[in-house]
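S.K.: Mind having a look at this structure? Questions to follow.
The values are calculated or read from the model by the stated rules, or taken from the named source; none is laboratory data. None of the values given here were measured: they were computed from a predicted structure. Heads up, the Cβs are rebuilt from the backbone with ideal geometry, glycines too, and the neighbour counts pull from every protein chain shown.
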Amino acid sequence: MLSLCQNKIKQSVSTKLSCRLFTSLFEMEKLPFDFTQDNYEKVDNILSKYPSEQKRSAIIPLLHLAQDQEGYVPESAMMKIASIVACPVSKVFETFTFYTMFRPKPVGDHVIEICTNLSCTLRGADQILNAIQDKLGIRIGETTKDNKFTLLEVECQGACATAPVVVIDGNYYEDVEVKSINSILRDFARDVVPKSGTQSKRNGPEPIGGKTTLKTEPWAQKIREDL
Amino acid sequence: MLSTFLKQPIGQERLVSSLVTKRFYGGLNDNNRIFTNLYGDYDSSVTGAMKRGDWQQTKNIISKGKEWIISEIKKSGIRGRGGAGFPTGLKWSFMPKNDPRPSYLVINADEGEPGTCKDRQILLNDPQKLVEGCLLSGYALGAKASYIYVRGEFKKEIASLQSAIDQAYEHNLIGKNACGSGYDFDIHVHPGAGAYVCGEETALIESLEGSTGKPRIKPPFPPQFGLWGCPTNVNNVETISSCPTILRRGSSWYNSFGRKNNHGTKIFSISGHVNNPCVVEEEMSIPLKTLIEKHAGGVRGGWDNLLAVIPGGSSCPVLPKNICDNVLMDYDDLEKNNSSFGTGAIIVMDKSTDIIKSIARLSKFYAHESCGQCTPCREGTIWVKSLMDKIVEGKGTKKDLKLLESLITAVKGNTICALGDAAVLPIEGLLRHFRKEVELRLID
């Protein structure tokens, strides 16, 4: 049965698909994909958000789910998602290739993403990047030999008032300095997840020298009389 | 006594004007702040939010009717806080009447403009304001449901928002018969996946539909053909989150802040070379210098150490110190000074900054983020980046500079969306105010 399917696939592949996907279909045998039982509940939850005739809207959330499960998105996962949302696999593939968060290949145990955009650079992101590269012995885009860390450069992560920002396994580490990033990396090396958020004395993006607004507990304000 | 004073010849005008109260902008009191849990010091749950005034009289606001709500928002003068600054009430009135298709409210939480980190604070610490805002705005638009598109990197923020939505459902504030008003309204969170271009409203809609984030040609605009081909209004988080307070306290209250056509309050994100980078809610039209010195601890090394400021996020042309001395933080004054208000994300650069390298870093950003759909942006951003890199390294020539200038004309206004304009506007600002520095860096 499997060889019959393989022959059918081979025929369609030779006429329709590109060489890269052609070889990948056979890799699919080695890397079969299915969502876990728990994740299938999440699949149902995701699909329920959209009108039943608009299942394609679930493609991005399902790609995230597959990546959270596997650490990257294998092509077999894209085939599975295409069958769930009932669309051609090329549609899922096209969406997958457009967005920077999705990873086509396995990565290290911990993914370090450092922002080097303007606000972070102005607050010393270059020094942080150098410190990470020196400590781990890898450049941007590389993975350490023990497969512990992958280092990536990313664009603005939306936390500019607490720059520099380093995102590790999706956790935001803000107000980072060379001392704090070394300590954070030591924790991750032991598979301990250090406390995320600001690594300074402030809790968030209030002025570090002390709040200038909202110093006392707020209360409900007077409502207009015509309500 | 007064007439004697007024007859004095020298300094008369000054005397007369001092008798008339001059309006200074920027002294917003905490009791006029909308986002009272901006820093997350207090309980962000439904209970905590209600204590701070959220969800009060929501049913009564709904019973006032759609026209009343839209009229109030129009009268308040609020303009879109996501960067474009389009009058919100006017945008809402573009929704078609008596259309058989279902309508949708889409919230743009794709906060990707470099320098901007304000919506994040609302999602983390004051999410009930957004939930209530979605309900009231959705009702005014006749929307069936709201989809909140949050950038994929904001995992903690997505969890916080989802928890807020779940709590609102549990308390029957949204869902069937929301707040006992008879109106059914659902809210869903949808994640992005790392694409700045998805901050553009039609690219966001494409992304929500499961496609690549390539903007659509406008017209038709989203109110005519939006999500799944239905009437849609796409609004920023801060805009919608401000609406419940505006409706509760009155449009005239909101209108009392800021200059004409620039009303209200704004969450500013201040980053870069200041002593206390922060996020703060202040009055519109506050002078830039006052904002930086009052809340961000001033420029590193003192105000005279200031080189330049990008006033509204990376897409806004840079302003040199002499303009920063007096410019007001509102749409009109910044436009008058050949820049723009954008998202109110202030990036401060002191005299230690290599301004050309800083702008070149922004060029790298836009080249990375171009969706590739239209030629002027796809090709133009790559050319701008490579020319800027060449100039930064000291290998640029006069011919390269001329080519860079011609690229500004070739790209600006000739692209499907504003990303093309955003990519060349920083270069325009650099050449307008720092041309000498650029020319000094050239080989010839």
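S.K.: Any idea which of (1) buried (at least 19 other Cβ atoms within 10 Å of the Cβ); (2) outside any loop (DSSP other than H, G, I, E, B); (3) in contact with a Lys or Arg (Cβ under 9 Å, 6 or more places away or on another chain) is the one residue B:332 doesn't satisfy?
M.R.: (1)
S.K.: Among the residues of segment A:202-209, is there at least one that is of a type outside the set (D, E, K, R), closer than 26 Å to residue B:274 by Cβ and not in a loop (DSSP other than H, G, I, E, B)?
M.R.: Our first condition is that a residue be of a type outside the set (D, E, K, R); within segment A:202-209, this holds for A:203-205, A:207-209.
When the remaining residues are screened for being closer than 26 Å to residue B:274 by Cβ, the result is A:203-205, A:207-209.
After this cut, where a residue has to be not in a loop (DSSP other than H, G, I, E, B) as well, the list is none.
There is no residue in segment A:202-209 that is of a type outside the set (D, E, K, R), closer than 26 Å to residue B:274 by Cβ and not in a loop (DSSP other than H, G, I, E, B).
Okay, residues lined up against (1) among the hydrophobic types (A, V, I, L, M, F, W, C); (2) free of Cβ contacts under 8 Å to residues at least 60 places away in the same chain; (3) surrounded by 22 or more Cβ atoms within 10 Å (Cβ to Cβ):
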site	(1), (2), (3)
B:59	no, no, no
B:69	yes, no, yes
B:83	no, no, yes
B:102	no, no, no
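Rundown of residues vs (1) at pLDDT below 95; (2) farther than 24 Å from residue B:349 by Cα; (3) surrounded by 18 or more Cβ atoms within 10 Å (Cβ to Cβ), yes/no style:
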site	(1), (2), (3)
B:392	no, no, yes
B:397	no, yes, no
B:403	no, yes, no
B:416	no, yes, yes
B:438	no, no, yes
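S.K.: Only one residue in B:353, B:343 is part of a loop (DSSP other than H, G, I, E, B), surrounded by fewer than 20 Cβ atoms within 10 Å (Cβ to Cβ) and at pLDDT 95 or above. Which one? Steps first, answer last, please.
M.R.: Working: B:343 fails: surrounded by fewer than 20 Cβ atoms within 10 Å (Cβ to Cβ).
Going through B:353, B:343 in turn, the sole match is B:353.
S.K.: Now, a different point. For a quick check of your reading of the model, give me the residue pairs whose first member lies in segment B:108-128 and is in contact (Cβ under 8 Å) with a residue 40 or more places away in the chain, whose second is of a type in the set (Ser, Thr, Tyr) and assigned to a helix (DSSP H, G or I), with beta-carbon atoms closer than 6 Å and at least 6 apart or on different chains.
M.R.: Listed by first residue and then by second, the contacts come to B:112/B:196; B:115/A:119; B:122/B:241; B:123/B:160; B:124/B:160; B:127/B:160.
S.K.: Scan segment B:366-396 for residues that are part of a helix (DSSP H, G or I) and either in contact with a helix residue (DSSP H, G or I) (Cβ under 7 Å, 6 or more places away or on another chain) or over 23 Å from residue B:114 (Cα atoms) (or both) and report the count.
M.R.: At the first step, the residues of segment B:366-396 found to be part of a helix (DSSP H, G or I) are B:366-369, B:375-392.
Among the residues that remain, those that are also either in contact with a helix residue (DSSP H, G or I) (Cβ under 7 Å, 6 or more places away or on another chain) or over 23 Å from residue B:114 (Cα atoms) (or both) are: B:366-367, B:369, B:375-377, B:380-385, B:387-392.
Residues flagged as part of a helix (DSSP H, G or I) and either in contact with a helix residue (DSSP H, G or I) (Cβ under 7 Å, 6 or more places away or on another chain) or over 23 Å from residue B:114 (Cα atoms) (or both) within segment B:366-396 amount to 18.
S.K.: Counting only residues that are β-branched (Val, Ile, Thr) and part of a loop (DSSP other than H, G, I, E, B), which one in segment A:149-195 is farthest from residue A:123 (Cα to Cα)? Walk me through it before giving the result.
M.R.: Residues of segment A:149-195 β-branched (Val, Ile, Thr): A:150, A:154, A:162, A:165-168, A:176, A:178, A:181, A:184, A:192-193.
The next check asks that each one be part of a loop (DSSP other than H, G, I, E, B); those that pass are A:165, A:176, A:192-193.
Numbers: A:165: 10, A:176: 9, A:192: 27, A:193: 25 Å.
Out of the qualifying residues, it is A:192.
S.K.: What about residue B:52, is it within 21 Å of the chain's Cα centre (by Cα), surrounded by 15 or more Cβ atoms within 10 Å (Cβ to Cβ) and of a type in the set (Lys, Arg)? Can you show your working first?
M.R.: Details: within 21 Å of the chain's Cα centre (by Cα): no; surrounded by 15 or more Cβ atoms within 10 Å (Cβ to Cβ): yes; of a type in the set (Lys, Arg): yes.
No; evaluated as a whole, the condition is false for this residue.
S.K.: Filter segment B:191-212 down to the residues that are under 17 Å from residue B:144 (Cα atoms) and more than 7 Å from chain A (Cβ to nearest Cβ) and list them by number. Outline the logic, then answer.
M.R.: Filtering segment B:191-212 for residues under 17 Å from residue B:144 (Cα atoms) gives B:205, B:208-209.
B:205, the sole residue that qualifies.
S.K.: Show me the helices (runs of 4 or more DSSP H) entirely contained within segment A:56-148 in which 3 or more residues are under 20 Å from the mean Cα position of the chain (by Cα) and either of a type in the set (Lys, Arg) or at pLDDT 95 or above (or both). Outline the logic, then answer.
M.R.: Working: elements: A:59-70, A:75-85, A:89-98, A:118-122, A:125-136.
Result: A:59-70, A:75-85, A:89-98.
S.K.: Go through (1) without any contact (Cβ under 8 Å) to a residue 60 or more places away in the chain; (2) more than 24 Å from residue A:61 (Cα to Cα); (3) at the interface with chain A (Cβ under 10 Å from one of its Cβ atoms) and name the single condition residue B:248 misses.
M.R.: (1)
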